[in-house]
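Beneath this line is the structure, given in C-alpha cells, with notes to follow.
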Amino acid sequence: MAHINHDAELTRAGAYVTGGWSTIVFFTRRYPLGAVGALIVLAFILTAVFASVMAPIDPTATNARASLAKPGGTYLLGADFMGRDMYSRIVHGARISLAVGVGAMSLGCILGVSIGLMSGYLGGWIDLATQRLMDIMQSLPLLVMAIVMAASLGPSLRNTIIAIAIPLVPSVARVVRSSTLSLREQPFVEAARAVGMGELRIAVRHVLPNTLAPLIVLATAQLGSAILTEASLSFLGLGIPEPHPSWGRMLSESAAEYVRSAPWLVIFPGLAISLTVFGTNLLGDALRDILDPRERT
Amino acid sequence: MGAYLTRRFLLMLLTLFGMSVLIFVMLRLVPGNIADILVDAAGIADPKEKAKIINELGLDRPILEQYGQWIGGLVRGDLGFAYVSERPALEEIAPRIPISAKLAGMALVLSVLIGVPFGVISAVRQNTALDYFLRVISLSGLSLPSFWLGLLVLMASVHWFGTIPIYSNEPRSFLQEVGLLSIPAAVVGFRSSALVMRLTRSSMLEVLRQDYIRTARSKGASQTSVNYDHALRNALLPVVTIIGIEAAFLVGGLIVTETVFNIPGVARFLVEAILWRDYPIVQNLVMLIAFVVVMVNFLVDMAYMALDPRIKYAD
C-alpha cells in the first residue's frame, strides 16, 4: 500500500497559503528556479531605478589618463578606451535595457492585443486581412525585421523601442486572436449581449481579461527577447547611439581588438545582458507553469 | 490534399509579395539619402553632380516605377546594381550564399544532435537534479547573446592558443573550411540546441502522460522500450516543426556571429549593406531571407503531413 502523506501533499498544493509572506515562501519552494529569476529581475529593476545612487560617477565622463584602466581601485570594473568607468556604465546601462525592454514589450503588446482582439472578435475579412499581414511580418526573423526597421527609422532610444516592438506584434496578435475565437462563442459573451452590452465593451471587459494568462507568459518571454534584440542591434551599430551606455554598444566598441588587450571590456557587459535575460527567462518559465496549466511540465 | 497544397503555395506567393512591398516602403523611409552618402564619400559638393547621381540611380523616378523595375528584374533574375561596388547585385550576393548555408547547416545538425538526446533525458528524469541542471544550461543558452558567446570563444582561443580562428583568406581545402566554420557553427548551434532541447522535453513530457504509455508500461515493457520505442517516436513529430522555427532563429544568430568571426556570408553582408544604405543589396537580401524562411516552413508542413498519418488537411 502506498502511503500518502496528506499534510505534505496539501502543502505542496498550496492549501496553507494565506497570502502575503506565505505566498512568497510557497512560490519559492514550489518554483525555486522561478524565485531565482524573480530575484534577478528585481535586482535589475532596482539597479535601473537607483542607478545614480549605486554609481555616482558619470557614465559618460571621459578621462584620457584612465584609458583602458584595469579593474580594481577607483575603477571597480576597469575603464574603457576613453577612460569611462565601466562599473558606472554597466549600472546605468540597466536603465537603457529596462527602458527598451519594457517599452518595446508594452508597445508590442498594446498593438498586438488590439489587432488580435479585433481580428478574433470581428472575424470576416478584417480577420483574414490582418492574418495575412501577420504572416508577412513573421516571414522575417525578429532580428532582421528589427534591423531594417531600426535602419529606416534612424538611431535613437525611441526608434529602437519602435523597431523592436513592431516585430513582436504578430505573436501577441496570434495568441490573443486564438483565445478570442473560442471565447466569443462562450455563453457569458452571449449573456452580456443579451443584457444589451455594446460589442466593444464586451470585447474589452469580458473577452480581454480571459486572454490575460497566456499573454502574461508571452510578455515575459518577450521582455527577454526585447533586451537581447536591443543588445544585438546596438552591437551592430544600429541601436542606441552614443554616448548612452548600452550594454550591446559597449561590446561593439570593445569587440575584437580588446579581446586580447582588455578582456574586462568584453566580459562584464555580456555578463550583464546574459544575467538579466536569464532572470526573465527563469521567471517566464515559472509563470507559464502557474498561469497555463495545459503547458505545465 | 492537392487543393491544400495549391492554396498553401498561393499563400506563400502572397506573403512574399507582401514582404516585397513592406521592405520597399520601409527602405524608402530611410532618413540618410543614398545620394548624400555617396556624394560625401566621393567628396563632391556640386549640386549638379549630385543631381546626376540621383538620376543615374533612378531615385528621382516615381516610387511605383522604382518598385515595378525591381520586381520585374527579380522575376527575370536581374537584381540590379549594388550602389557601393557598382557591380551587379547578383554577383555580389551569390558567392556569399554557400558560406552562410554551410554555416547554418552545420549549426542545425549540431543543434539537433545535442538538443534531442538531452531533451529526452531531461523529460525522462523530470524533476531530478539532472533535469534541473539541463534546464538551467538550456535556459542560459537562450540567454547568452550569441555575439558575446562568440567573443568569449575568441578570447579563450587567444588565451590558450595565442591566435584567433578568423575566416581571413579564401580557405584552401574543404577540410580547412569546415574547420574554420566549425567554431562559429558551434556558437550558433549551441543557442539553437537550447531551443531544440526545451521543445523536445516538453513534447516528450506531453507524450509520456498519454494513456498508451501507461498501457505499454502495464503490459510489462521495459522502461527503455517505453521511452524510446513508444514515446520518442511520437514526441519527435513536433520536433520536426522546430526546424521551421529554427530557420528564423538561426538567421538571427548568423547575423551577429558572422560579424564577430568576420565570415563573408550573406548575413553579415546584410548589416554592411544597411549601414551603407545600399538599397538594391538590402532589399534583395531581405527577400532572400524571407524566401528561405517561408520555403522551410512550407517544406516542414509537408514533412509533417508525410510523417503523421493522422493529419489530413481539409480542402
Point-to-point label distance, residue B:10-residue B:176, nm (Cα→Cβ direction, 7 Å offset):
5.3
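Could you give the length gained by full extension between residue B:303 and residue B:288, i.e. 0.36 nm per residue of separation minus their alpha carbon distance, to one decimal place? Can you show the working numbers first?
Working: separation 15, 0.36 × 15 = 5.40 nm, distance 2.22 nm.
Extending this stretch completely gives an extra 3.2 nm.
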The simple spin-label model distance between residue B:240 and residue A:122, using points 7 Å out along Cα→Cβ, in nm, is 3.8
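Tally Lys and Arg at +1 and Asp and Glu at -1 over the other residues with C-beta under 12 Å from the C-beta of residue A:181: what net charge comes out?
Details: positive: A:174, A:177, A:184; negative: A:127, A:185.
So the environment of residue A:181 carries a net charge of +1.
If you count, for each residue, the other Cβ atoms within 10 Å and average over each peptide, how do A:166-176, A:119-129 line up from highest to lowest? Numbers along the way, then the final one.
Details: A:166-176: 23.8, A:119-129: 15.5.
With the highest mean Cβ count within 10 Å placed first, the list reads A:166-176, A:119-129.
Give, in whole angstrom and from largest to smallest, the semi-axes √(5λ) of the equivalent ellipsoid of the protein assembly as shown, with λ running over the eigenvalues of the Cα gyration tensor. Please report the intermediate quantities before stating the final value.
On the way: eigenvalues 321, 211, 148 Å².
Equivalent-ellipsoid dimensions as semi-axes: 40, 33, 27 Å.
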Using 7 Å Cα-to-Cβ label points, what is the residue A:210/residue A:53 separation (nm, one decimal)?
4.4
Over all residues in B:135-145, what is the mean tally of Cβ atoms on other chains that come within 10 Å of each residue's Cβ?
6
Principal-axis tilt of helix A:124-138 within chain A, Cα atoms, nearest 10 degrees:
30
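At a 10 Å Cβ-Cβ cut-off, how would you order B:275, A:42, fewest neighbours first?
Details: B:275 15, A:42 12.
Final ranking by Cβ density, sparse to dense: A:42, B:275.
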Provide the per-residue ³J(HN,Hα) series for region B:197-209, in order, calculated from phi with Karplus coefficients 6.51, -1.76, 1.60 and θ = phi - 60°, each as a whole number of Hz, with x at glycine and proline positions.
4, 5, 6, 4, 4, 5, 5, 5, 5, 4, 5, 5, 8
Non-local amide H neighbours of residue B:81 (under 5 Å, H modeled in plane, Pro and chain starts lacking H): which ones?
B:89
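Using DSSP to call loops (not H, G, I, E or B), can you name the trypsin sites (Lys or Arg not before Pro) in region B:243-315 whose Cβ has at most 13 other Cβ atoms within 10 angstrom? Could you put the intermediate results ahead of the total?
Numbers: sites: B:268, B:277, B:310, B:312; in loops: B:277, B:310, B:312.
Counting only loop positions with at most 13 other Cβ atoms within 10 Å, the trypsin sites (Lys or Arg not before Pro) in region B:243-315 are B:310, B:312.
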For residue A:240, which sequence-distant residues (separation of 5 or more, or a different chain) have an amide H within less than 5 Å of its own amide H, given hydrogens modelled in the peptide plane?
A:234
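What is the average number of partner chain Cβ atoms found within 10 Å of a Cβ in A:267-275?
Going residue by residue through A:267-275 and averaging, the value is 3.
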Could you sort B:148-156, B:90-98 so that the peptide with the highest average Cβ count within 10 Å comes first and the rest follow in order?
B:148-156, B:90-98
Would any residue of region A:136-162 have its amide N under 20 Å from a label point 7 Å out along Cα→Cβ of residue B:71? List them or say none.
A:136-140
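Mean residue ellipticity at 222 nm from the helices of chain B, using -39,500 (n - 2.57) per DSSP H segment of n ≥ 4 over the full residue count, to the nearest 500 deg cm²/dmol? Could you put the intermediate results ahead of the total?
Values: 13 runs with 236 residues, N = 315.
Mean residue ellipticity, 222 nm, calculated: -25500 deg cm²/dmol.
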Kirkwood calc, region B:180-315, C-alpha pairs only, radius in angstrom 17.7
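Given the peptides A:3-9, B:230-236, arrange them by the average over their residues of other C-beta atoms within 10 Å, most packed first.
Details: A:3-9: 8.6, B:230-236: 19.4.
Order by mean packing, descending: B:230-236, A:3-9.
Could you work out [θ]222 nm for chain A from helices alone, using -39500 (n - 2.57) per DSSP H run of at least four and dividing by all its residues? Round to the nearest 500 deg cm²/dmol. Please list the in-between numbers first.
Values: 12 runs with 205 residues, N = 297.
Rounded to the nearest 500, it is -23000 deg cm²/dmol.
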Would you kindly derive the ³J(HN,Hα) couplings of region A:23-30 from the backbone phi angles with the Karplus curve 6.51 cos²θ - 1.76 cosθ + 1.60 (θ = phi - 60°), listing them in order in whole Hz, with x for Gly and Pro?
5, 5, 4, 4, 4, 5, 5, 6
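Values quoted throughout were computed directly from the atomic coordinates according to the rules given, and no laboratory measurement underlies them. Computed from a prediction, not measured in an experiment: that's the story for all the values here. FYI the Cβ positions are ideal-geometry reconstructions off the backbone, even for glycines, and counts take in every protein chain you see.
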